[in-house]
Amino acid sequence: MTNILVTLTLIFGKLSLLAVGGINSTLPEIAAEIVTSRHWLSPAQFSQLYAISNAAPGPNVLITTLIGAHMAGVTGGIIATLAMILPAGILVVIVSQVWETYREARWRRIIQAALLPVTAGLILAAAGVLVRQADTGFTLTATTLLVAILAWRSNLHPLWLLGGGALVGLILGT
Amino acid sequence: MTNAPPAPSPEPPRLSHAQLFTGFLSAGVIGFGGVLPVARRMIVDEKRWMSQVAFNDLFSLCQFMPGANIVNLAFAIGARHQGVSGAAAAVLGLLAAPMAIVMLLGAAYARFGTLPLAQHALAGLAAAAAGLVLGTALRIAGPIFANRRNIPLSLAVFALVVFVHLSLPVTMLIVVPVSLFLARRAA
């Protein structure tokens with residue numbers, strides 16, 4: 001138990017500082033660690049835990065809460081979440097003060113411009129990894145594409161899209 | 001007569017721990033499928049903690065820093081008003097209730113998740129969630145791709161992660177220097 005908690009802290013503490021572009025763009029890295037190298041979850045379980053974390057209200061860091069809870073109960077959930085948010089949070093508090101001081105500096109604008117394409121690529125890659133894990137047939141692929149278009153082009157509440165997806169699974173899966 | 005002195009930018013009122021906690025709590029518990037839209041509305045429109053410009057500025061930083069964007073935002077706003085304990089109040093408000101809810105959902109999944117009915121619903125839910133991320137990614141990429149120079153770099157990152165299976169740090173080590181070089185030349 002203690003071993004698992006230490007491992008969770010180390011894994012998510014490391015991922016916390018690598019999670020540039022947010023949790024979604026770090027999903028491939030989380031999946032590589034949890035699914036591919038440690039076999040704590042199957043690919044299907046991983047995408048389903050991700051879906052559950054999306055169905056609950058709150059930030060998408062909740063995927064780490066679920067992985068922690070899956071491995072070591074409520075304590076594991078809390079430890080994994082803290083490990084995921086604390087290193088990055090401490091860093092952001094420090095950097096936001098420096099950032100504020102150099103608001104108009106040229107180097108700051110260069111860094112900002114350089115990070116934009118990287119952020120876009122990482123988020124698209126996260127979507128690519130999730131799509132590949134979740135879509136195991138024609139109906140599910142079509143569901144993903146339809147939801148993607150609606151999320152991209154309309155202002156429908158995400159809850160409708162998630163509920164609709166679950167309904168499609170229920171109706172067409174049985 | 002001299003011109004009136006420029007109006008001093010109003011000093012934002014210092015928020016209390018309770019205000020930070022309840023503000024982020026209210027955004028967290030109704031933030032289905034992402035907290036950013038409701039958090040922005042709460043901070044800028046409803047409670048007027050920050051102007052839209054100041055919010056965008058801080059949020060862009062939180063996006064570029066590692067970690068969950070909205071959690072980072074709670075850290076930064078909390079610390080700005082009440083130091084370390086303010087950051088704790090904001091983050092606890094944002095996360096405590098959603099963590100409890102998601103662990104209950106996770107327990108229900110562990111108990112009933114293997115039932116065929118639940119399996120079908122969850123497969124559909126996962127497909128929809130993947131679609132949500134794809135749609136959001138397109139929304140975020142849209143304005144970034146308005147600058148054509150960004151497209152090849154983004155596609156390179158995408159390909160390195162999805163097809164070459166490089167880890168994030170290695171991908172960043174390869175792409176960020178190139179991107180910095182190009183941005184510096186363009187600036």
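In segment A:1-57, the residue that is farthest from B:Ala126 (Cα to Cα) out of those that are part of a loop (DSSP other than H, G, I, E, B) and either of a type in the set (A, V, I, L, M, F, W, C) or within 14 Å of the chain's Cα centre (by Cα) (or both) is A:Met1.
The residues of segment A:70-118 that are touching a Ser or Thr at 6+ places or on another chain (Cβ under 7 Å), farther than 18 Å from A:Ser25 by Cβ and at the interface with chain B (Cβ under 7 Å from one of its Cβ atoms), listed by number, are A:Gly77, A:Thr81.
Listed here are the residues, each with its yes/no results for (1) closer than 20 Å to B:Ser16 by Cα; (2) buried (at least 22 other Cβ atoms within 10 Å of the Cβ); (3) more than 7 Å from chain A (Cβ to nearest Cβ).
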{"position": "B:Met42", "(1), (2), (3)": "yes, no, yes"}
{"position": "B:Glu46", "(1), (2), (3)": "yes, no, yes"}
{"position": "B:Ala54", "(1), (2), (3)": "yes, no, yes"}
{"position": "B:Asp57", "(1), (2), (3)": "no, no, yes"}
{"position": "B:Leu61", "(1), (2), (3)": "no, no, no"}
{"position": "B:Gly67", "(1), (2), (3)": "no, yes, no"}
{"position": "B:Val71", "(1), (2), (3)": "yes, yes, no"}
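Comparison of A:Thr139, A:Thr144 shows that the only residue that is hydroxyl-bearing (Ser, Thr, Tyr), more than 24 Å from B:Val71 (Cα to Cα) and touching an Asp or Glu at 6+ places or on another chain (Cβ under 9 Å) is A:Thr144. The condition of being free of Cβ contacts under 8 Å to residues at least 40 places away in the same chain and facing another protein chain (nearest Cβ under 9 Å) holds for only one of B:Arg80, B:Arg111, that being B:Arg80. None of B:Ala129, B:Ala118 is modelled with pLDDT under 85, more than 7 Å from chain A (Cβ to nearest Cβ) and over 21 Å from A:Ile110 (Cα atoms) except B:Ala118. Of all residues in segment B:46-60, those satisfying the criterion of being assigned to a loop (DSSP other than H, G, I, E, B) and either within 16 Å of the chain's Cα centre (by Cα) or within 23 Å of A:Leu91 (Cα to Cα) (or both) are B:Trp49, B:Met50. Pairing each residue of segment B:56-75 that is in the same structural domain as B:Asp45 (by TED's automatic domain parsing) with any residue that is surrounded by fewer than 24 Cβ atoms within 10 Å (Cβ to Cβ) and of a type in the set (D, E, K, R), provided the two are 6+ apart or on different chains, yields C-beta distances under 8 Å for B:Asp57/A:Arg103; B:Phe59/B:Arg40.
Evaluate segment B:134-146: report whether one residue or more is over 22 Å from the mean Cα position of the chain (by Cα) and surrounded by fewer than 15 Cβ atoms within 10 Å (Cβ to Cβ). Among the residues of segment B:134-146, not one is over 22 Å from the mean Cα position of the chain (by Cα) and surrounded by fewer than 15 Cβ atoms within 10 Å (Cβ to Cβ), which makes the answer no.
The values are calculated or read from the model by the stated rules, or taken from the named source; none is laboratory data. Nothing here was measured: the structure is a model prediction, and the numbers come from that model. So basically every Cβ, Gly included, is an ideal-geometry build from the backbone, and we count neighbours across all protein chains shown.
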